[in-house]
Amino acid sequence: MNILGSNYWTSFKKDNNGREVFDGELFEELIRLVLDTHFSGNWNQTTRTWDGGKDFVDRSITGLEAWAECKMYKAPLSIKVVSNTLVMAIGHHPKVKRLIIFSFSQLNENTRQHLSRFSESSNIEVQVFDDEKLEALILSSKLVLRRFFPAVQPIYKASELPALDIVPSFSTDVHIDRSQLEGIDGVDKFRKTLVPINTPCLYEIFIRSNQIAKSEKIVIDLSPFMESENAINLLNRNAINTDPNHCLHKELLPGELTSVKILLAPVSTRVQTIPSISYSIGKKTTALPPIQVNVPRLNRPSLVGKPVYDALEAFETRISGKNTITLAAVSGKSGVGKTRFLEEAEMRLLSNNYHVLRMDGRDHRCEVFNTFVIGLLAQIWRLPNINLFSSDTNTYTRSKNRDTLFDKVCYYVYQSQTEKNTLNEELEQILDLAIQGLISQRAALLIDNVQKLDHSTIHFLTKLSERITGTVGQVALLFAFNEDELIYSTDSALFRNKLQKEASFVKGSIQFFDLPQFSRNSVEMFLNTICGSMGLDEKFTTHYPALTDLIYESVLPRPLDLYQLFLAAQDEQIARVDDGFFFVKDTEVFYELIKRVSGTTKNILTERLKLFISKPNQLSFLLVLAYLGEGDVNLFMSLSGCSSYEVDRLIENGWVRYTNGNQVDFYHPSIERFLIEIINHENQNKYLHFIQDQSLTDVIAERLLKSGVEDIYPLARFALSGNDAQFLDAALEAIKTLKDTVPTIRKKMHAQALYEFIIRPNNIPPASYIDAIQAICNLSAEGQVQNMTNRLWTCRQRLNSFTPTTNHAAYALCGIIRQYASYSSLLGKPEIGEQILRDELSKVDLLSGVIDTYTLSKIKVNYMNRRCVCLKGMGDMKLAEEIGKKALEMALQYDHKEFACLILIDLCGIYRSEKKDFEHYSNYVERALSFYEVNRKEINELEPSIEFSCLENKAHLEGLRGNIQVAIRSAEQLIRLTEKSYSHYYMLRGLLAKAVLNCRQQLSETQLDKQDLDLLKEMINEIEDLSIISRIDRFYIKALHLHAILNCHTGNTHGAKALFVAALEKLESDLQKNTKNTYITPSNGALLWDAANFWIEYMIEEPFPIKHYLLRGTNVSDIHKAISNRQVKVPFTLFATESFNYPFP
């Protein structure tokens, strides 16, 4: 304020426990007088204990309300301060028509923009009088000055500001409602000028009246958009209310804020200009500057093929009708163009004036039902800054009365932020809120990667689809399914199949679009579309027929791979785009490129990675993004040293893309998986050799330290200096502060860096880096077990002569030994682990004078627990049970909760696999599950993998009880958890449990369902692939076993025989390598039994393919007798370890 300086506001300050604060009640008295003197109406002050987001209300017009809110803060007014008022105003709309905000301090720019958008989207007039504008109101009133500022003479202070503030904004993020969810308070800059072709963009004009006493008229000339035939397509043409000359007229109240939203998309390549718009106030006309955007040619795959365009036309025909509910789904394999289909559908929805809501199953905000449904309600009801207002418990506990629909929304949002209940309990009410919110506007909900959503969310969407089709309104629901991942979720597979079947029965009202891989004709169309004219009115396929043939034969026929191939050609300057024409500069080199990258997406991306040999900053940007995941582009630029120009090149070359606001992510999940795999690859130097001897990593580390985000970045990978001790301290400190949200795959990168540090020559004594070895165990407990076992053995060798002298060191050493023993057992050599653990147990008591009793007991329990597991793997169930019970007793005595739960789970396995005692087995499972639930938080902090084992055992138990669907959900929950953590071992266990359950389901049906059977086969293929990556042969053998059984039951005896032979040969090979352990596990026994029965039934004239060294256990002898005596076939046991029908003693 210029005239009413701080000395005039002394009376508005009071003491609060020795701290000077503003007197909000006195400020409200001031505003009450301002309202009475300057604003018409009958203003009544609300109660201070519960004002519902307003301080004054005017009800002088019947049925309508105007609200006034007072804010007295020193700092600029932020969105957080006004969010509650906006929430409550929406809740009482359409009764609330006007909102006036009086603020002692200025609004920050982001708050102004937010309030302008709020006014435009809610049709509530918003007036703001802040800082100098409030001062002008006060100075022009004798009554106000006499009461509060008697020393000041009344004057009318003419504003030095223009009558209106006009601020244009451009962004490729059209989903302004999503940005509200982030709770970010800061001004959005022009994010970028690189815009992919046909990308919806938001050109927004923010308008604010600087008048304090009169209205102001403005005329905005939109004719450059409306009349132009240029390369910019206006999407919401019909939603903008202009006169015949394409002018928009607005009259603003004093202090009013509003905005004009123009949705557009570039439809031609190269540099395009967003036209200049002019506005007039009175006789004065001002032009806003034009904006240039660069629209590259090869920036996204093209949609091609008559089926795709027929589908889009059918979708648009449906959504353009009046009072139509559109329910549609698109499905296909990874990389066939589902997300591009959604993008094109969004363009058509925007052109038809729909309010588009976008969600993605891969988004962390959609991981569980609570966060998904709150995000959905927030977008539907346009809640401003949901993360901020929901923390006000005093406000929203009052919403329990829930007089209006919006009160209910607020209540559920508040409930979701607490642990009082889950939203599942009030599903029907939430469905009502979602449906009524959707049909109250012209809304479209697009959800990508539905297969990633959890059971409760799929159930919600199924109900929503069923219910909304019976309503009247203008609503569209469009779901996208990745068929490659349906194997992980039975619920999403059933939902997809339900939509497909209903679309075939009820023509028109439900649409289902199946996107296949390209046919030869589609490949040619894609090549011709992406390459454009060859300059001689020739198409690519006619100009280069041999190249076309080779591409079709060598590259996967889907948009992602074909697109990446041409980006690779551009990378290596084999081909180029010049003035809109595509040229192949060297056909022979193009031939060689195609041959090098043939077969897989990974081959193409590996080839493209070579580009970064000369571009370390861009490589650094990709590595940072791979480490951290989706995040702020400015942070990544500061960490990598990448300029905005270089980031634009990464976008243009199809590596990354903008998502929301300044957030950046990989262009496609396949690229992210590729880079993470390479970073973690044991032979990563093969890929990243060109950065090994450069200072790139040191530079990133230094920048990261300055950025303040080292808690989520793998400092351990980069040596910060030549000082080994400093490096180790920094690395371990970074690991201690790792957040729970960091995926395990990224945590493993720390482990890799620590391992590389430990094995290289250094001056650190073993006692100093025992924590580092323990960190390696904790950070990479899952995944490629063989690699990790070898690494742990190397680390263990470094500690051979080490004797711990502290509790911490002793327990850390115990953890390393325990982990190595566990891995040895997992890899089929339990006798090695058992010998190590037996030796260590014999030495534990020697530490009794060095470490305390509690730590000593914890070490003993740890070793005994792992020894129990190793003994079980050796077949010595009696001793395993004896040691397991002793360990359990000690764990309970000393309150080692995590080990007590783990031991209960291991005892479950003994009764399940060998004793066939279902009663004891079920009792132990229920006891373990109950113990885990009671102590969940503490156990998860100490041993997160225990939850995985609990879910697996719950799946087995419910399956045995016949509760197949409950069992499958438990297996899928395990899969979801391990998918986030990239834990291959537990992922395999979850997939195997689900595969067995699904297999039993299929084989119990008289008629096999082809879709379900195909999904089951894909699941077993996934088990095979993962077991090869993890190098755990027993899962590979089980996968072959399951495949053999399915082939047999579908009549393919030739295929069944080949699979049984492959499984038996692999089993023989493993047993031959490990002659010390003569125990054949029940699951392998089940394989032998099933194979024997198959031979008896179908292969009578052929010898059974088992060599003599397999016949060393009594169970195998029984198999041999059964074959020799040609006994009657026994039904396939389908993993007797899970069925309790194992036919041997």
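The values are calculated or read from the model by the stated rules, or taken from the named source; none is laboratory data. No experiment lies behind these values; they were computed from the predicted model shown. Note that we place each Cβ from the backbone using ideal geometry, even for glycine, and neighbour counts take in every protein chain shown.
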Unmet requirement for PHE102, which otherwise passes all of (1) surrounded by fewer than 22 Cβ atoms within 10 Å (Cβ to Cβ); (2) at pLDDT 90 or above
(1)
With a cut-off of at least 2 residues that are at pLDDT 65 or above and over 26 Å from ARG912 (Cα atoms), name the helices (runs of 4 or more DSSP H) lying wholly within region 1031-1124.
1033-1049, 1053-1073, 1082-1098
Restricting to region 804-833, count the residues that are of a type outside the set (Gly, Ala, Ser), under 25 Å from THR853 (Cα atoms) and part of a helix (DSSP H, G or I).
10
Residue check: is ASN238 at pLDDT 85 or above and either farther than 22 Å from ARG657 by Cα or crowded, with 21+ Cβ neighbours inside 10 Å (or both)?
no
Complete set of residues in region 848-864 that are in a helix (DSSP H, G or I) and not hydrophobic (A, V, I, L, M, F, W, C)
THR853, TYR854, THR855, SER857, LYS858, LYS860, ASN862, TYR863
Reported set for region 447-481 where residues are farther than 20 Å from ARG969 by Cβ, out of contact with any Ser or Thr (no Cβ under 9 Å at 6 or more places or on another chain) and surrounded by 24 or more Cβ atoms within 10 Å (Cβ to Cβ) is ILE447
Of all the strands (runs of 3 or more DSSP E) wholly in region 215-281, which have at least 1 residues that are touching a residue at least 12 places away in the same chain (Cβ under 8 Å), over 34 Å from the mean Cα position of the chain (by Cα) and closer than 21 Å to ASN123 by Cβ?
216-221, 247-252, 256-266
When region 89-99 is checked residue by residue, the ones that are of a type outside the set (Val, Ile, Thr), surrounded by fewer than 24 Cβ atoms within 10 Å (Cβ to Cβ) and within 37 Å of the chain's Cα centre (by Cα) are GLY91, HIS92, HIS93, PRO94
So, in region 136-184, of the ones that are within 26 Å of PRO275 (Cα to Cα) and modelled with pLDDT of 80 or more, which residue ends up surrounded by the fewest Cβ atoms within 10 Å (Cβ to Cβ)?
ASP165
Could you list, ordered by first residue, the pairs with Cβ atoms under 6 Å in which the first is in region 848-875 and touching a residue at least 60 places away in the same chain (Cβ under 8 Å) and the second is assigned to a helix (DSSP H, G or I), at least 6 apart or interchain?
GLY873/SER825; GLY873/PRO830; MET874/PRO830; MET874/GLU831
Go through (1) surrounded by fewer than 16 Cβ atoms within 10 Å (Cβ to Cβ); (2) under 30 Å from LEU115 (Cβ atoms); (3) of a type in the set (A, V, I, L, M, F, W, C) and name the single condition ALA314 misses.
(2)
Quick check: is even one residue across region 882-890 at pLDDT below 90 and basic (Lys, Arg)?
no
If you scan region 478-533, which residues turn out to be among the aliphatic types (A, V, I, L, M) and not in a strand (DSSP E or B)?
LEU486, ILE487, ALA493, LEU494, LEU499, ALA503, VAL506, VAL523, MET525, LEU527, ILE530
Residue, farthest from ASN2 (Cα to Cα), within region 119-133, restricted to residues that are hydrophobic (A, V, I, L, M, F, W, C) and crowded, with 23+ Cβ neighbours inside 10 Å
VAL126
Taking region 331-379 on its own, how many of its residues are more than 24 Å from ALA265 (Cα to Cα) and either assigned to a strand (DSSP E or B) or touching a Ser or Thr at 6+ places or on another chain (Cβ under 6 Å) (or both)?
7
Residue selected from region 953-968 under the condition crowded, with 22+ Cβ neighbours inside 10 Å and not polar (S, T, N, Q), by the criterion nearest to ARG1000 (Cα to Cα):
GLY959
Considering only residues of region 528-547 that are under 25 Å from TYR667 (Cβ atoms) and buried (at least 17 other Cβ atoms within 10 Å of the Cβ), which is modelled with the highest pLDDT?
LEU547
